[in-house]
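**Q** Can you keep this structure in mind? I'll have questions shortly.
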Ligand code: SF4
């Protein structure tokens with residue numbers, strides 16, 4: 001999408017930015033907390049300014065989508081949630097016996113499992129940081145530590161986001177490894193690539209948050225591979241796979257750095273724009289959302305609450321992005337469905353353009369096949 005943002009960005013100090021983001025969200029609305037799933041989704045669509053701004057401002061996108069008349073179909077079903085919960089409980093039952101077995105730890109009596117309870121997310125994050133420091137010291141002596149649902153803090157667009165991985169394991173040598181427990185099956189040692197990709201992006205957010213803590217913890221290092229635990233084949237038996245998240249880590253890092261520039265996106269908005277669901281009409285909200293460029297792709301359907309709204313807009317504009325990123329890439333400079341059809345019919349487009357030539361060849365083959373089919377009738 002390429003709507004204009006109007007005048008250029010105006011630099012604003014951080015406090016003014018926070019004030020502006022609160023204005024956009026609605027002064028009476030508490031910021032919607034960002035979790036690892038949301039941060040991972042941001043990394044999956046780094047070109048979307050709309051999502052970057054709404055997440056940076058802490059807007060409740062599910063409420064916004066409903067107010068726009070395009071409620072989200074995004075999110076875990078109750079059944080999937082319960083199945084995930086039950087599988088995680090099985091993996092962690094009996095002091096994490098199954099998890100430790102997957103890590104190759106035989107003598108779980110010696111594994112430390114610190115109590116991480118504390119008041120509020122800030123308190124839990126501080127307790128986790130302390131437990132990680134103690135675990136690193138214990139790791140230097142050869143001990144294993146299992147941190148069950150630690151709380152990690154990561155600063156996003158000037159505000160702390162609190163993230164809760166399923167587990168972090170600190171092994172001998174003081175290396176911290178994220179454990180991600182998912183209830184989709186791993187069949188013959190491999191799982192659905194899209195689901196593994198989403199889990200890897202989510203785990204990369206945890207790795208990033210851990211790296212911030214590790215920087216101030218002597219002797220600590222964070223593994224750039226995570227342990228993904230899933231049910232084996234068609235059973236409920238846990239199995240593990242080590243997933244390299246270096247690529248996801250660098251994308252997430254880059255995208256979070258971009259998020260700190262939400263001020264540029266906010267500064268370019270016309271005066272009076274607001275995403276306050278409680279105070280604005282559906283028309284006002286629609287105009288506000290349309291004032292921020294989006295980058296719709298079918299992947300949004302599994303990752304963003306605004307997907308139905310953005311898809312409708314992309315389809316109405318005839319944008320080829322609605323057909324998928326790979327199709328978009330193949331079509332080069334042809335950005336609308338109308339331009340693609342005109343090029344295929346020979347009414348427009350440069351015949352030397354490989355995309356135009358391929359479309360005309362495809363159109364000719366189709367016409368030929370239709371003629372043959374008609375002749376056979
Ligand atoms: S659904 Fe819309 S707002 Fe969300 S990531 Fe996709 S394009 Fe951006």
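**Q** Which of the strands (runs of 3 or more DSSP E) contained wholly in region 104-207 include at least 2 residues that are at pLDDT 95 or above and assigned by TED's automatic domain parsing to the domain that holds residue 224?
**A** Ranges flagged: 145-148, 167-170, 175-181.
**Q** I'm told residue 294 meets every condition in (1) away from the ligand (no atom under 16 Å from the Cβ); (2) within 28 Å of residue 61 (Cα to Cα) except one. Can you identify the failing condition by its number?
**A** (1)
**Q** Then there is this: If I ask for residues that are more than 11 Å from the ligand (Cβ to nearest atom), part of a helix (DSSP H, G or I) and more than 14 Å from residue 278 (Cα to Cα), which ones from region 25-42 would you list? First the steps, then the outcome.
**A** First, pick out the residues of region 25-42 that are more than 11 Å from the ligand (Cβ to nearest atom): 25-37, 39-40.
Next, only the ones that are part of a helix (DSSP H, G or I) stay: 25, 36-37, 39-40.
Across region 25-42, the qualifying residues are 36, 37, 39, 40.
**Q** For residue 350, only one of the following conditions fails: (1) in the same structural domain as residue 57 (by TED's automatic domain parsing); (2) more than 24 Å from residue 71 (Cα to Cα). What is its number?
**A** All conditions pass for residue 350, except number (1).
**Q** More than 21 Å from the chain's Cα centre (by Cα), at pLDDT 85 or above and surrounded by fewer than 17 Cβ atoms within 10 Å (Cβ to Cβ): which single residue out of 23, 3 fits that description? It would help to see each step written out before you state the result.
**A** Details: 3 fails: at pLDDT 85 or above.
Going through 23, 3 in turn, the sole match is 23.
**Q** Can you pull out every residue in region 256-297 that is outside any loop (DSSP other than H, G, I, E, B) and modelled with pLDDT of 90 or more?
**A** Hits for region 256-297 are 282, 283, 284, 285, 286, 287, 288, 289, 290.
**Q** Continuing with this model, one more query. Only one of 348, 319 is in contact with a helix residue (DSSP H, G or I) (Cβ under 9 Å, 6 or more places away or on another chain) and surrounded by 15 or more Cβ atoms within 10 Å (Cβ to Cβ); which?
**A** 319
**Q** State which residue pairs qualify: first residue more than 20 Å from residue 160 (Cα to Cα) and inside region 42-62, second residue within 7 Å of the ligand (Cβ to nearest atom) and part of a helix (DSSP H, G or I) in any location, beta carbons under 9 Å apart, and separation of 6 or more residues or different chains.
**A** Correct list of pairs: 44/300; 45/51; 45/300; 48/300; 48/310; 50/310.
**Q** Could I ask something else about it? Restricting to region 298-321, and then to whatever is modelled with pLDDT of 90 or more and not in a helix (DSSP H, G or I), can you tell me which residue is farthest from the ligand (Cβ to nearest atom)?
**A** Taking the candidates together, the pick is 318.
The values are calculated or read from the model by the stated rules, or taken from the named source; none is laboratory data. This structure is a prediction, so every number in the text was calculated from the model and none was measured. Don't worry about glycine lacking a Cβ; one is built from the backbone with ideal geometry, like all the others, and counts go over all protein chains shown.
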